[in-house]
């Protein structure tokens, strides 16, 4: 006998949700339900978007996709009280995917991918668009898995110099952190901010010019410990530490 799809299967819908609405699922979600989970009409799932989640029942499965009927819904807040934007130098392949996936699980509010002078990855315009779409799918999948009802935004990649130059002046209650293995400042010495920008470098670290500009834009160099962390580790370790101090850990 076929087992029904678990009710806790969560599906992101990029549209407003309302009781009784008939909703066609995104292609990736439809494929996962129909082909991977072998769902059938009548199975229940959870649909979410913008802080709200709805129980839903599958109404139709055919070659055109999967349609569900929304039942009851409620606002469910699983966001971290830590308001943090991650500005991450782009790393190669699965490293960047892992950083984004785990950052979503750790409650990051948004991600700004950056090109650095020492970045290994270089994307032309067409590849950048495709990679951005892929990164947004990674964030959606992470939220479906971890229970978040708000998907963090992923901005279009920029050079770190352009991004830093466009930043507004730092507010007095804002913390801007530049991760550096050579820093003397420790997280334990910092006062709790209203929000945080976390800047993490590429495999070879930021250049002197990039670091100097970051300091001029109000970033404080922060050391996580005596060991040099890989680019895919550093931001995640920092997010976990920030959540331990000021978040929901």
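If the condition is being surrounded by fewer than 19 Cβ atoms within 10 Å (Cβ to Cβ), in contact with a strand residue (DSSP E or B) (Cβ under 8 Å, 6 or more places away or on another chain) and either modelled with pLDDT under 95 or closer than 29 Å to residue 120 by Cβ (or both), then region 168-182 contributes only 182.
Scanning region 45-87 for residues that are touching a helix residue (DSSP H, G or I) at 6+ places or on another chain (Cβ under 9 Å), closer than 30 Å to residue 158 by Cβ and part of a strand (DSSP E or B) turns up 48, 84, 86, 87. Here are 236, 229: which of them is outside any loop (DSSP other than H, G, I, E, B) and under 21 Å from residue 96 (Cβ atoms)? After ruling out the rest, the residue left standing is 236. Residues in region 52-75 that are under 27 Å from residue 242 (Cα atoms) and surrounded by 14 or more Cβ atoms within 10 Å (Cβ to Cβ): 1 in all. When residue 244 is tested against (1) touching a helix residue (DSSP H, G or I) at 6+ places or on another chain (Cβ under 8 Å); (2) surrounded by fewer than 16 Cβ atoms within 10 Å (Cβ to Cβ), exactly one condition is not met: (1). Scanning region 114-137 for residues that are surrounded by fewer than 20 Cβ atoms within 10 Å (Cβ to Cβ), within 16 Å of residue 93 (Cβ to Cβ) and at pLDDT 90 or above gives 130, 131, 132, 133, 134, 137.
Among (1) crowded, with 18+ Cβ neighbours inside 10 Å; (2) at pLDDT below 95; (3) not in a helix (DSSP H, G or I), which single condition is residue 38 missing? Of the numbered conditions (1) crowded, with 18+ Cβ neighbours inside 10 Å; (2) at pLDDT below 95; (3) not in a helix (DSSP H, G or I), the odd one out for residue 38 is (1). Restricting 111, 151 to those that are within 16 Å of residue 83 (Cα to Cα), within 14 Å of the chain's Cα centre (by Cα) and assigned to a loop (DSSP other than H, G, I, E, B) reduces the list to 151. Got at least one residue in region 189-205 being in a helix (DSSP H, G or I) and touching a residue at least 24 places away in the same chain (Cβ under 8 Å)? No, every residue in region 189-205 fails to be in a helix (DSSP H, G or I) and touching a residue at least 24 places away in the same chain (Cβ under 8 Å). The residues in region 183-214 that are surrounded by 14 or more Cβ atoms within 10 Å (Cβ to Cβ), touching a strand residue (DSSP E or B) at 6+ places or on another chain (Cβ under 8 Å) and modelled with pLDDT of 95 or more can be counted, and the count is 9. Do the conditions hold for residue 165, that is, is it in the same structural domain as residue 239 (by TED's automatic domain parsing) and under 18 Å from residue 229 (Cα atoms)? Here the answer is no, as residue 165 does not meet what is asked.
The values are calculated or read from the model by the stated rules, or taken from the named source; none is laboratory data. Everything numeric here is computed off the predicted structure, so don't read it as measured data. Counting neighbours? That spans all protein chains shown, and the Cβs are built from the backbone with ideal geometry, glycine included.
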